[in-house]
1. Say R0 is 41 Å: what FRET efficiency, to the nearest 0.05, do Gln115 and Leu247 get from their beta-carbon distance?
2. With θ taken as phi - 60° and the coefficients 6.51, -1.76 and 1.60, list the Karplus ³J(HN,Hα) couplings across region 316-321 in order, rounded to whole Hz; mark glycine and proline as x.
3. Any chance you could run the full-extension gain for Leu128 through Leu166? It's 0.36 nm times the residue separation minus the Cα-Cα distance, nm to one decimal.
4. How far apart, in nm, are two points set 7 Å out from the Cα along the Cα-to-Cβ line at Val324 and at Ile198?
5. Modelling each spin label as a point 7 Å along the Cα-to-Cβ direction, I'd like the Arg224/Glu40 distance in nm, to one decimal.
6. Tell me, what HN-Hα J-couplings in whole Hz come from the Karplus equation 6.51 cos²θ - 1.76 cosθ + 1.60 at θ = phi - 60° for each residue of region 239-244, using x for Gly and Pro?
7. Taking the Cα-to-Cβ direction at Asn268 and at Val68 and moving 7 Å from each Cα, how far apart do the two end points lie in nm?
8. Count neighbours as other Cβ atoms within 10 Å of each site's Cβ, and list the trypsin sites (Lys or Arg not before Pro) in region 210-302 that are DSSP loop with at most 16 such neighbours.
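Rule-based calculations on the coordinates, nothing more; no lab input. Everything numeric here is computed off the predicted structure, so don't read it as measured data. Neighbour counts are summed over all protein chains in view; Cβ atoms, including those assigned to glycine, are modelled from backbone coordinates with ideal geometry.
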Amino acid sequence: MSPATGGPLRLEVPAVFPSVLPVADPTEEPTSPTLQDAQESATNAASWVEQNWSTWLSIGLRVLLIVVIAVALRIAVRRTITQFIERMNRTAQAVDGTALGGLLVNVERRRQRSQAIGSVLRSVASFLIVGTAALMILGTFQINLAPLLASAGVAGVAIGFGARNLVTDFLSGVFMILEDQYGVGDTVDAGVASGEVIEVGLRVTKLRGDNGEIWYVRNGEVKRIGNLSQGWATAGVDVTVRSDEDLDRVRSVLAEVGETMSKDEPWNERLWGPIEVLGLDSVLLDSMVVRVSAKTMPGKALSVERELRWRIKHAFDAAGIRIVGGLPAPAEDTPATDPTAGMAAPSAYANTGSPQSQAASPIAPPAVVPSNVTK
């Protein structure tokens, strides 16, 4: 009902689009399309194609240009990264077998590190290039990217929360490799485990323990790393002698031992500095400690300390210098003690038949006679 006239409400649809086919009368019989109708349909299709072919061609050329540029850029970037990694490997192989290579470069470590870095860089480059190209193609088709980007952001947050441990391990492994915190052949202390690194991955690091066991350490669990194979190490030996020894004589013997060891093979390569006598570390009533130190090749401090102790002991024995430690050393001029000095003198009470023992013994009580016994 119309609110103004009270009559029935009529909906008028404006004739925006003209009717292509006339309204068929239900009383009329259907007729087959004529040649003129087919010609008109073909003319309309041709005109529609003629009006839109330029738009199609423009979109196709844009998509083709984006794809070609993305493929060419991806190939160029991956090839550049591969050449950079190969150059790193050639540099490591060039010094392999030399003294510098033995001291500073581990070929296997450099190879694994370069492969891991190359893999990460190639994956990141491919993801960025292909993702950017896909978004540009969708934008060419006049597709609204805001809902798509919002959905991708929500999905990324959900995946990040669900797999946060995996993401943490991966990112920690990437930064460990990029920063070269440790590599194959290094002896490290990772807190949760310690040993020699045998493999470095983006998620897990493998360590060989002292007893031969293999530790699988997740990179995300490592809070601190103590690398014992980078730079240089320090070998320190404490020598404890008697307090009455001649310090100048002790220093001269230690200096002679250090000079001799620095010239012998293979210790001349493992020692990166002279063996120094640092002086007295502590002085007690019956002993004093002399500190000896040397800068060594990384990972060789323990072997240098053992060899240094061995040579110091031989040199002190030859020089008549006694090494003491633990219990105080007995003085040489102390007379031998009598083994019977700690025994007590014989006592008269030890003999039960002596008058002293009988006088000290208690008096026995008198015997009790029963009452029923008659005299």
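1. 0.15
2. 5, 5, 5, 8, x, 9
3. Length gained between Leu128 and Leu166: 11.6 nm.
4. Distance between the two pseudo-spin positions: 4.8 nm.
5. Reported label-point gap for Arg224 and Glu40 is 9.0 nm.
6. 10, 9, 10, 6, 6, 9
7. 6.7 nm
8. Lys223, Arg224
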